[in-house]
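Enquirer: Dropping the structure in here first, questions after.
The values are calculated or read from the model by the stated rules, or taken from the named source; none is laboratory data. What you are looking at is a predicted structure, and each value in this text was computed from that prediction instead of being measured. Glycine gets a Cβ as well: all are built from the backbone with ideal geometry, and neighbour counts include every protein chain shown.
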Amino acid sequence: MRLLCRANSRPTTFMEGVTGLVPGRIAAFVTLVILWGVMLINIRRALGGNLPVLREIPALKAIEEAIGRATETGRPVLFTSGLGDVTDANGPQTIAGLEILGSVAETTASLGTNLICTVCKPNLQPITEAIVKQAYSNAGKPDAYRPDMVRFCSPDQMAYAAATAGIIEREKVAASIMVGAYWQEAMMLAEAGAAVKAIQIGGTARMIQLPFFVIACDYTLIGEEIYAGGAYLSKHPMRLGSLAGQDIGKVIAVAVAVVGALLTSFGSKYLTTLLGK
Amino acid sequence: MVKTITGAISFVVGMVMILEYYFKLPALSSVAKAWQNWAVIISAFALGAGCINLFGIHVRNVAQRKTRYQASAILLACMVITLIIGLGQGIDSPSYNFIFKQLYSPLVQSSAGLLIFYIVTAALRAFRLRNIDAWCLLISTTLVMLGNAPFGRLIYGRFPDVANWILTVPNMAGQRAVVIGGSLGIIATALRTILGLEATRGGSAGVGPS
């Protein structure tokens with residue numbers, strides 16, 4: 001529907017004219033609003049006591065086993081959240097990793113296991129320190145926290161990988177938990193952990209690195225499982241509710257994909273055009 | 001109090017950045033651009049704080065003669081020398097460029113070159129045929145390799161087609177499913193962070209700065 005047509009300008013549709021939405025992003029905005037609405041409803045339901053039931057994710061279950069093994073052998077646990085920063089497009093993956101770190105740090109604090117966190121981006125240094133410190137405080141052992149638990153390595157990819165691999169090899173870590181946004185350093189870190197016979201749990205949503213984690217690690221969190229990690233380990237109602245909202249979002253996505261595939265098969269481009277607005 | 005302030009800041013900044021992406025509002029665009037510049041400046045300060053942490057850890061390693069403290073000493077020496085040359089002569093000076101081009105770049109490229117050996121050792125471990133997953137991995141990998149290698153076509157002319165089918169049908173289907181799930185996870189994480197429900201930022205879930 002064309003509301004007006006001015007000289008030297010593209011015709012403006014009704015939606016764009018009234019709402020000021022950027023052309024080509026209207027469908028994305030509507031999708032975002034719908035998904036957020038679904039997630040908020042489920043968060044509210046979970047906070048009200050209606051908790052969703054989680055399926056078992058072996059990699060997340062293995063985190064406790066890995067920390068237990070580290071405690072028995074007296075060797076440290078290593079956690080690293082990869083090359084991503086909280087300020088870039090990989091921020092959600094890094095945040096997902098840090099959620100898992102919170103639970104890992106609480107467990108290591110309660111068991112008295114040594115924890116080493118390596119950090120690539122300088123922005124993450126204070127955030128990681130705060131998370132670990134808070135976790136030790138929550139576990140009732142604030143004095144057990146040491147500043148050298150969180151080690152900034154380098155913002156450079158290879159220097160970070162070499163530093164972390166060196167720590168894995170020198171400290172002979174018993175468990176290596178690598179969850180976040182990874183690039184090619186994933187392989188280096190995983191092999192360093194394999195060399196010292198550490199239990200390795202890797203997780204990333206970057207498709208290109210997932211195969212390397214799958215073949216090199218004992219357990220892998222694939223894609224969205226890293227976002228479930230925080231909810232799975234903490235069992236906090238807010239996170240569980242958001243997880244339920246994600247699952248409903250997946251159902252919506254599959255339904256739209258099926259309808260779109262059928263319509264396209266019968267020669268209709270309606271849905272394709274609608275989603276491209 | 002701190003949580004309320006950080007929550008309010010997260011909400012306002014998050015909503016402005018999202019609205020700026022979806023709506024044509026020049027006022028929002030200029031604010032968003034300014035905040036993005038602030039983030040770069042804060043990152044630069046964070047780098048300084050990170051360097052202090054790095055320095056402290058390695059000075060402690062040397063002072064306490066921990067395992068391989070010699071590597072820590074070399075790191076400290078390199079840091080100090082590079083800092084002095086950079087501050088004294090500038091980052092465009094021949095000495096600084098020498099450190100970057102003749103020392104740093106070869107080291108980075110050597111590290112990247114080690115990857116192939118790591119991939120080979122990992123593949124040798126993964127291809128021990130203990131379960132059905134390992135069999136699927138081995139068969140699909142072999143078919144894709146034969147499809148892409150020149151001699152594969154000599155063995156059987158349709159190997160490239162088979163490899164292409166594996167990559168474009170089951171592989172692509174799996175990738176798209178993972179991407180959809182991951183995207184929903186990103187949307188959920190963004191929602192929790194903007195509304196101050198994200199624990200890592202000091203939200204009400206408990207873990208985070210108080």
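Conditions tested, residue by residue: (1) out of contact with any helix residue (DSSP H, G or I) (no Cβ under 6 Å at 6 or more places or on another chain); (2) surrounded by 15 or more Cβ atoms within 10 Å (Cβ to Cβ); (3) modelled with pLDDT of 90 or more.
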site	(1), (2), (3)
B:85	no, yes, yes
B:91	yes, no, no
B:96	no, yes, yes
B:160	no, yes, yes
B:172	yes, no, yes
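Enquirer: Let me ask something else about it. Could you count how many residues in the range A:127-161 are farther than 19 Å from residue A:67 by Cα, aliphatic (A, V, I, L, M) and surrounded by 22 or more Cβ atoms within 10 Å (Cβ to Cβ)?
Expert: 2
Enquirer: A further question follows. Buried (at least 24 other Cβ atoms within 10 Å of the Cβ), farther than 23 Å from residue A:39 by Cβ and within 12 Å of chain B (Cβ to nearest Cβ): is that true of residue A:187 in this structure?
Expert: yes
Enquirer: Ok, one more. Can you name every residue in the range A:193-248 that is away from chain B (no Cβ under 11 Å), crowded, with 24+ Cβ neighbours inside 10 Å and part of a loop (DSSP other than H, G, I, E, B)?
Expert: Result: A:198, single match.
Enquirer: Quick one: how many residues across the range A:123-153 are more than 10 Å from chain B (Cβ to nearest Cβ) and not hydrophobic (A, V, I, L, M, F, W, C)?
Expert: Count: 7.
Enquirer: Can we say residue B:54 is touching a Cys at 6+ places or on another chain (Cβ under 9 Å) and surrounded by 12 or more Cβ atoms within 10 Å (Cβ to Cβ)?
Expert: Against the criterion (touching a Cys at 6+ places or on another chain (Cβ under 9 Å) and surrounded by 12 or more Cβ atoms within 10 Å (Cβ to Cβ)), residue B:54 qualifies.
Enquirer: Could I ask something else about it? Report every pair of residues separated by at least 6 positions or lying on different chains whose Cβ atoms are under 8 Å apart, first residue within the range B:77-94 and among the small types (Gly, Ala, Ser), second surrounded by 12 or more Cβ atoms within 10 Å (Cβ to Cβ).
Expert: Listed pairs, sorted by first residue: B:86/B:96; B:90/B:96; B:93/B:85.
Enquirer: Okay, next question. Any idea which of A:60, A:32, A:40, A:98 is away from every other protein chain (no Cβ under 13 Å), modelled with pLDDT of 85 or more and under 22 Å from the mean Cα position of the chain (by Cα)?
Expert: Of the residues listed, the single one that is away from every other protein chain (no Cβ under 13 Å), modelled with pLDDT of 85 or more and under 22 Å from the mean Cα position of the chain (by Cα) is A:60.
Enquirer: Could you identify the single residue in B:110, B:140, B:183 that is without any contact (Cβ under 8 Å) to a residue 12 or more places away in the chain, within 14 Å of another protein chain (Cβ to nearest Cβ) and either under 21 Å from residue A:187 (Cα atoms) or touching a strand residue (DSSP E or B) at 6+ places or on another chain (Cβ under 9 Å) (or both)?
Expert: Only one candidate qualifies: B:110.
Enquirer: Among what's in the range A:105-122 and is within 11 Å of chain B (Cβ to nearest Cβ) and under 27 Å from residue B:42 (Cβ atoms), pick the residue that is surrounded by the fewest Cβ atoms within 10 Å (Cβ to Cβ).
Expert: Here the residue is A:116.
Enquirer: Of all residues in the range A:257-270, which are assigned to a helix (DSSP H, G or I) and either of a type in the set (Lys, Arg) or surrounded by 14 or more Cβ atoms within 10 Å (Cβ to Cβ) (or both)?
Expert: A:257, A:260, A:263 - these are the residues of the range A:257-270 that are assigned to a helix (DSSP H, G or I) and either of a type in the set (Lys, Arg) or surrounded by 14 or more Cβ atoms within 10 Å (Cβ to Cβ) (or both).
Enquirer: Test each condition in (1) out of contact with any Phe, Trp or Tyr (no Cβ under 8 Å at 6 or more places or on another chain); (2) among the small types (Gly, Ala, Ser); (3) crowded, with 16+ Cβ neighbours inside 10 Å for residue A:49 and report the one that comes out false.
Expert: Tallying (1) out of contact with any Phe, Trp or Tyr (no Cβ under 8 Å at 6 or more places or on another chain); (2) among the small types (Gly, Ala, Ser); (3) crowded, with 16+ Cβ neighbours inside 10 Å, residue A:49 fails exactly one: (3).
For every residue, the table says whether it meets (1) within 11 Å of chain B (Cβ to nearest Cβ); (2) farther than 17 Å from residue A:92 by Cβ; (3) at pLDDT 95 or above.
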| site | (1), (2), (3) |
| --- | --- |
| A:155 | yes, yes, no |
| A:158 | yes, yes, no |
| A:171 | yes, yes, no |
| A:176 | no, yes, yes |
| A:179 | no, no, yes |
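Enquirer: Name the one entry in A:159, A:163 that is touching a residue at least 12 places away in the same chain (Cβ under 8 Å) and either within 22 Å of residue B:72 (Cβ to Cβ) or more than 20 Å from the chain's Cα centre (by Cα) (or both).
Expert: Sole residue among the options that is touching a residue at least 12 places away in the same chain (Cβ under 8 Å) and either within 22 Å of residue B:72 (Cβ to Cβ) or more than 20 Å from the chain's Cα centre (by Cα) (or both): A:163.
Enquirer: Any residue that is among the small types (Gly, Ala, Ser), outside any helix (DSSP H, G or I) and away from chain A (no Cβ under 14 Å) - is there at least one of those in the range B:77-86?
Expert: No; the residues of the range B:77-86 include none that is among the small types (Gly, Ala, Ser), outside any helix (DSSP H, G or I) and away from chain A (no Cβ under 14 Å).
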